[in-house]
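Just below is one structure, and these are the notes that go with it.
Bear in mind these aren't lab numbers, they're just calculated from the coordinates by the rules spelled out. Quantities reported herein were computed from a predicted structural model and do not represent experimental measurements. Every residue, glycine among them, receives a Cβ derived from its backbone with ideal geometry; neighbour counts consider all protein chains shown.
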Ligand code: GDP
Ligand code: MG
């Protein structure tokens, strides 16, 4: 697992406040390995690692920022710089043209995007112009039925340009027109000629190139070819539910000077996400939430005095015990020792009371703790406040986002439940008033 070896190298920087050239070199080597394994274009990887190296050696880490966090922030910033924010798609009337090779996921993405726009209160229509692939009409019709959005196609027509023209007329009342096109197995002249003609008739506001996440070094040529013919404004990466991390598509973003619009994460119409750099980059590197870390370092740089450890163990005994509490508690353990000792620090909570705790409720080894922290960094605030509402699909997403396994996420939730139960026992020992009196 590359993510964990990168994490390991970064962990070697733990506790250091200055970084040596050797440190930077080993981190950069790991970053290169992760990015290449994620199919990122070789020359892009080299460019990225050069700028990371230069910055890590030249810039001064803000006071009190661990070297590890500082380097990670630079890595994150450089990647955000390359990938950019998601392609702008205003929630208003517009026409979107989809381009790409056969099997890249255009038709599926057309229906998914239409579904997505419909959830935003717009009235989308999908126009299917693929006269090349047998069954294309039926496939698009079925997908749009599942998405419950309007569809136009003509299984008997032979000219895709005519279908596009008629389709726009027939669906003139819709807000968002998504025009699906035919692909080919490879870049062929007739494909390019056809899509240029369609583009001329459709006059799209946005042309999106659809790429399979598994695309490797071929993305560059494809992107250049489509960009030269119709102008690419953004990229859709599909099949991210598989093992491919979609790094190949970054070459397309770079080549077209565009950005990523959507991510496809499954075969159903609602398996679509609007792109956001944080999760994507974390996944690319096989690491937990880099974005949050970057923000933390950002704050340190702004010199606002945010106290990291403003957590008070006594708070834990009041109100609901949430994953936020558990996270803070795990963080505090770095400084204070295990929870059993932490409880000793609370007046009136030591001695006999502690003995009533189930042994393993408090036993979190350092390694598990680190995994838990990475996992929790990939959770939303709502999930941390209401861990009991976390279901299977969220577990899957969190595992993916944090570069860990579903099993680890379940383990964390199990640990949380045990701790919650323990805390409840303490809470149950007296009324709140009594508790407060005891603590004074
Ligand atoms: P097109 O030829 O570009 O229109 O590609 P299709 O939309 O027909 O997709 C090709 C195949 O990939 C189909 O079997 C789709 O179900 C599948 N597919 C598309 N997007 C995704 C995705 O995000 N995840 C998965 N697992 N399969 C996908
Ligand atoms: Mg298709």
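In table form, for the structure just shown:
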{"quantity": "Computed over region 94-275, the ratio Rg/Rh where both radii use C-alpha atoms and Rh is Kirkwood", "calculated": "0.93"}
{"quantity": "Highest average packing first - 245-252, 115-122, 148-155, Cβ atoms within 10 Å", "calculated": "245-252, 148-155, 115-122"}
{"quantity": "Distance histogram for region 182-284 (every C-alpha pair counted, 10 angstrom bins, percent rounded to whole numbers)", "calculated": "15, 47, 32, 6"}
{"quantity": "Full-extension gain in nm, residue 43 to residue 370, via 0.36 nm per residue minus C-alpha separation", "calculated": "114.4 nm"}
{"quantity": "Per-selection Rg to Rh, region 150-193 - Cα, Kirkwood hydrodynamic radius", "calculated": "1.02"}
{"quantity": "Whether region 71-171 is rounded, prolate or oblate, judged on the alpha carbon gyration tensor where a/c under 1.5 counts as rounded", "calculated": "prolate"}
{"quantity": "Segments 399-405, 36-42 sorted - mean Cβ within 10 Å per residue, highest first", "calculated": "399-405, 36-42"}
{"quantity": "Extension gain from residue 396 to residue 189, taking 0.36 nm per residue of separation minus the Cα-Cα distance", "calculated": "70.3 nm"}
{"quantity": "Counting DSSP beta bridges with both ends in region 94-275, the antiparallel % (nearest 5)", "calculated": "10 percent"}
